[in-house]
1. Yes or no: Asn58 more than 16 Å from the ligand (Cβ to nearest atom), at positive phi and at pLDDT 95 or above?
2. I'd like to know if the stretch 152-162 contains one or more residues that are within 14 Å of the ligand (Cβ to nearest atom), surrounded by 14 or more Cβ atoms within 10 Å (Cβ to Cβ) and part of a strand (DSSP E or B).
3. Do you know which residues across the stretch 163-177 are within 16 Å of the ligand (Cβ to nearest atom), outside any loop (DSSP other than H, G, I, E, B) and touching a helix residue (DSSP H, G or I) at 6+ places or on another chain (Cβ under 8 Å)?
4. Which residue pairs have Cβ atoms closer than 9 Å, lie 6 or more positions apart in sequence or on different chains, and pair a first residue in the stretch 30-43 that is free of Cβ contacts under 8 Å to residues at least 12 places away in the same chain with a second residue that is in a helix (DSSP H, G or I) and surrounded by fewer than 16 Cβ atoms within 10 Å (Cβ to Cβ)?
5. Only one of Thr149, Thr124, Thr118 is of a type in the set (Ser, Thr, Tyr) and part of a strand (DSSP E or B). Can you tell me which?
6. What is the number of the single condition among (1) open to solvent by less than 10 Å² (accessible area, probe 1.4 Å); (2) farther than 22 Å from Glu171 by Cα; (3) assigned to a loop (DSSP other than H, G, I, E, B) that Ala47 does not meet?
7. Thr141 versus (1) assigned to a strand (DSSP E or B); (2) surrounded by fewer than 20 Cβ atoms within 10 Å (Cβ to Cβ): which is the lone unmet condition?
8. State yes or no: is Ile82 in a loop (DSSP other than H, G, I, E, B) and within 13 Å of the ligand (Cβ to nearest atom)?
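The values are calculated or read from the model by the stated rules, or taken from the named source; none is laboratory data. Owing to the predicted nature of the structure, the values given are computational and were not obtained by experimental measurement. Here the Cβ is made from the backbone with ideal geometry for all residues, glycine too, and neighbour counts use every protein chain on show. The accessibility values were calculated without ligands, DNA or RNA, using every heavy atom of the protein model including side chains. Shrake-Rupley method; radii C 1.70, N 1.55, O 1.52, S 1.80 Å.
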Amino acid sequence: GTRAMSSLKLPDLSWDYGELEPVISSEIMTLHYTKHHQAYVTNGNIALEKLEEAKNKNDNAAILALQPALKFNVGGHINHSIFWKNLASPTKGGGELGDGELRKKIESQWGNVDALQTQLSAATVGVQGSGWGWLGYDKATDRLVVTTTPNQDPLQPSTGLIPLLGIDVWEHAYYLQYKNVRPDYVKEIWKVINWADVENNLKNAK
Ligand code: MN3
């Protein structure tokens, strides 16, 4: 069939693969982007094409049968597209949270930024199997929320929360460097969090 208009593609990156070292190795970032994210894009596009064909045939059973593949692969594409922007080299502002609306909100809800990081780290380390830790924004209550999602479940379609910051704790995100010690990876990742992007996501969410 014809390629779906909504065809997925890998986003541009704002850093080179080695720029997040020593927190995340160049080898991990290269594989993560060119192999793992690429696989979600490729398989997501296959699922979207099959969806178009099923819709053209009014085949409701086929449409429903595609939902798991769509959720996993399009979800993986959405999640990684957020994650890459959430990261920055410490030489380019990574790890630095400015004195803006986001800091004010964090301090009003958690007291200080360390307390938020502790809670988000604990939730993220505690994800059973593969998944994501999140700082989300609840538009209805105007509050920040710490939560997690399993597999590649994307935050907003799954919970209604708007994703501000995602932390990938699939083993492919850290195993080559941190082996089985997920807590060390999560502890280190704060040094390369692009808080300016997180703040921008909050601004766009409101
Ligand atoms: Mn990943």
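1. Working: more than 16 Å from the ligand (Cβ to nearest atom): yes; at positive phi: yes; at pLDDT 95 or above: yes.
In short, yes.
2. No, there is no match, as no residue in the stretch 152-162 is within 14 Å of the ligand (Cβ to nearest atom), surrounded by 14 or more Cβ atoms within 10 Å (Cβ to Cβ) and part of a strand (DSSP E or B).
3. Pro163, Leu165, Gly166, Ile167, Asp168, His172, Ala173, Leu176, Gln177, listed by residue number.
4. Partner pairs satisfying both residue conditions: Lys35/His172.
5. Selected residue: Thr149, the only one of Thr149, Thr124, Thr118 that is of a type in the set (Ser, Thr, Tyr) and part of a strand (DSSP E or B).
6. Status for Ala47: all satisfied but (3).
7. Failed condition: (1).
8. The answer is no for Ile82.
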